[in-house]
Amino acid sequence: MKDSYGTKPTACLALSDGTVFYGEGFGSTGRKTAELCFNTSMTGYQEILTDPSYAGQIVTFTFPHIGNVGVNLEDNEANMPFASGMVVKWRPTLASNWRSQQNLIEWLENNKLIAIGGIDTRRLTRIIRKQGAPHVAIEHNADSDFDTDSLINDARNFAGLSGLDLAKNVTSSKTYSWSQDRWRWSGGYSNIEKSKARVVAIDFGVKENILRCLTAIKCEVIVLPATATAEEVLAYDPDGVFLSNGPGDPEATGKYSINMIRQLLKLPELPIFGICLGHQMLALALGARTIKMNHGHHGANHPVKDLTTGKVEITAMNHGFAVDTQSLPNNVKETHVSLFDGSNCGIKLVGRPVYSVQHHPEASPGPMDSFYLFERFAADIDKKKTMAV
C-alpha cells in the first residue's frame, strides 16, 4: 500500500477495531501503544506534546500545518514530552520563525517520539468522534516491514486509561520552589523579585505555565508531589492551595489524594483552586463523581459559559474524564458549562473560597478571557491574609 507521498510507507497506525492506516514515519523508530485522541488547536503543538496531561495518549492534530514554527526551549510545559506519539496530515515542513531553535522532526527524534504523517486525519477524527477514543498501536519502521496482526493485537491488549493512575508517573519526585514569571516581550522569562503570599501547588502533572501564572499574581510557589499529605501541605503555612492538571483516571488518583484534599477543606478560610484533573479531584473530595467521556475535549476555541456572569469564555481544554453534574452535592454550585455539549466545566463550594475549572486559563486561547480566575484566587488569598491580621 502507498502513502500520500507516493512512496513506500514507513509507519503504520493500527486501531483495536482492525482499522489500519499507513503513512510516512518520522521522529523515533519503534512501536508504542496508547489511547488515541484528536486535538483541534491550530498552534501550540509543542505545548501539547510536553503537557503531562497527555501521558498515555497519542495525539492526532486536525490542523495540517504542524511544525511550521519549529520548537524552542521556552515553549515546553515540562522538561520532556509526555505524549506517546503524534499523527498529522502532512510531514512537518522546515521551520520558519524567529524563535525557532530546532525543527520538529529533529526534536521528535531526540525525544524518542514516534510520529506518522500522510494519512487522512479527517477520516481518523470522524472515527474517534463516532466510536470513542480508540486504543491504538503505532510503529515507525524504515524497512516498511509491518506485522499488522501483531499491531492490532497490541492495540486490543492496551489496558486503557480507565482505572489508571498516571499522576504518580508524571509528578515531581521531590518538593521544589518556583519563581519564574510569565513570558513577556521582549525579554522572555524572568523571576519575580517579591511575593506577597505563599501558594502550595499539588503536582498531578502540572504545566509550567500554570506555575508562571501563580507567580504572576505575586505568589511564592512551593510545588509538592501528587502523593503529598495534608500535614506536608500545611507544614508550609500556605495562604492558598492549588490543585494542578494531570493525566489518567481521577478516581484512581483519588485513592491517595482525596483524603488530603478533604483534610484541607476542614480549614474554612483556606483558598483552594483547581484546574483540569485538579478540578476533578476537588469534585471527588466534595462528594461528586467523575465519568469517562466518549472522546473528551482536546483543543482550543472551546466556548465555556460562566453561569455566574452569563459571559462566554474562549478556552483551551484537554481532558478525557469529566465531573458528573448530576452528582454534585447541594453545597456545590456549578459555575461553568461547555457550550459544545453542556458538560461541567467549573464548580464552587458555596460560601467558601474553594473552586475549580475544567478548562485551562493559563493556555490563553481567548487570549485572556479566563485569567480572572488567577486574579480571583489572588483576591481570596489577600482576604485570608487580611482576616489573619
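The listed residues are 331, 318, and the only one of them that is modelled with pLDDT of 95 or more, more than 20 Å from the chain's Cα centre (by Cα) and not hydroxyl-bearing (Ser, Thr, Tyr) turns out to be 331. Taking first residues from region 345-367 that are more than 10 Å from residue 315 (Cα to Cα) and in contact (Cβ under 8 Å) with a residue 60 or more places away in the chain and partners that are open to solvent by 10 Å² or more (accessible area, probe 1.4 Å) and among the basic types (Lys, Arg), the Cβ contacts under 6 Å between residues at least 6 apart in sequence or on separate chains come to 355/348.
For region 372-389, a residue qualifies if it is of a type in the set (A, V, I, L, M) and either over 18 Å from residue 267 (Cβ atoms) or modelled with pLDDT of 95 or more (or both), and the qualifying residues are 373, 378, 379, 381.
Does any residue of region 306-324 turn out to be without any contact (Cβ under 8 Å) to a residue 24 or more places away in the chain and either of a type in the set (Val, Ile, Thr) or assigned to a helix (DSSP H, G or I) (or both)? Yes - at least one qualifying residue is present in region 306-324. The residue list 274, 246, 254 contains one member that is in a loop (DSSP other than H, G, I, E, B) and of a type outside the set (Asp, Glu), which is 246. For residue 77, the conditions (1) more than 30 Å from residue 188 (Cβ to Cβ); (2) touching a helix residue (DSSP H, G or I) at 6+ places or on another chain (Cβ under 6 Å) all hold with the exception of (1).
Within region 222-274, the set of residues being touching a residue at least 60 places away in the same chain (Cβ under 8 Å) and in contact with a Cys (Cβ under 8 Å, 6 or more places away or on another chain) comprises 239, 240, 245, 246. Within the set 43, 62, the sole residue that is farther than 16 Å from residue 148 by Cβ and touching a helix residue (DSSP H, G or I) at 6+ places or on another chain (Cβ under 9 Å) turns out to be 62. Would you check if residue 105 is touching a residue at least 40 places away in the same chain (Cβ under 8 Å), open to solvent by less than 80 Å² (accessible area, probe 1.4 Å) and farther than 14 Å from residue 14 by Cα? It is true that residue 105 is touching a residue at least 40 places away in the same chain (Cβ under 8 Å), open to solvent by less than 80 Å² (accessible area, probe 1.4 Å) and farther than 14 Å from residue 14 by Cα.
For region 199-212, state whether one or more residues are in contact with a Cys (Cβ under 8 Å, 6 or more places away or on another chain), outside any helix (DSSP H, G or I) and under 26 Å from residue 261 (Cβ atoms). Checked against the condition, which is being in contact with a Cys (Cβ under 8 Å, 6 or more places away or on another chain), outside any helix (DSSP H, G or I) and under 26 Å from residue 261 (Cβ atoms), region 199-212 yields at least one hit.
So, in region 347-378, of the ones that are assigned to a loop (DSSP other than H, G, I, E, B), within 22 Å of residue 51 (Cβ to Cβ) and of a type in the set (A, V, I, L, M, F, W, C), which residue ends up least open to solvent (accessible area, probe 1.4 Å)? Going through the qualifying residues, I end up with 371. Scanning region 181-221 for residues that are in contact (Cβ under 8 Å) with a residue 12 or more places away in the chain, farther than 21 Å from residue 82 by Cβ and of a type in the set (Asp, Glu) returns 181, 220.
Scanning region 17-43 for residues that are under 14 Å from residue 152 (Cβ atoms) and surrounded by 21 or more Cβ atoms within 10 Å (Cβ to Cβ) returns 21, 22, 33, 36. For region 166-184, the set of residues classified as touching a Pro at 6+ places or on another chain (Cβ under 9 Å) and open to solvent by less than 40 Å² (accessible area, probe 1.4 Å) consists of 166, 167, 170, 171, 172, listed by residue number. Could you please give the count of residues in region 61-110 that are modelled with pLDDT under 95 and part of a strand (DSSP E or B)? Qualifying residue count for the region: 0. Among the residues making up region 277-291, those that are open to solvent by 10 Å² or more (accessible area, probe 1.4 Å) and touching a Phe, Trp or Tyr at 6+ places or on another chain (Cβ under 8 Å) are 290, 291.
Here is a check on your reading of the model: is residue 290 closer than 28 Å to residue 131 by Cβ, at pLDDT 95 or above and touching a Pro at 6+ places or on another chain (Cβ under 7 Å)? In short, yes.
Would you pick out the residues in region 44-54 that are touching a Phe, Trp or Tyr at 6+ places or on another chain (Cβ under 7 Å) and either at pLDDT below 95 or open to solvent by 10 Å² or more (accessible area, probe 1.4 Å) (or both)?
45, 48
State all residues of region 55-78 that are surrounded by fewer than 23 Cβ atoms within 10 Å (Cβ to Cβ) and among the hydroxyl-bearing types (Ser, Thr, Tyr); if no residue qualifies, say none. Scanning region 55-78 gives a single hit, 62. The set of residues from region 292-346 being charged (D, E, K, R) and surrounded by fewer than 23 Cβ atoms within 10 Å (Cβ to Cβ) comprises 292, 305, 306, 311, 324, 333, 334, 341.
The values are calculated or read from the model by the stated rules, or taken from the named source; none is laboratory data. As the structure is a prediction and not an experimental result, all values here were calculated from the model. Quick reminder, even Gly has a Cβ in these numbers, built from the backbone with ideal geometry, and neighbours come from all protein chains shown. What goes into the accessible areas is simple: the full protein's heavy atoms, side chains included, and nothing from ligands, DNA or RNA. Shrake-Rupley method; radii C 1.70, N 1.55, O 1.52, S 1.80 Å.
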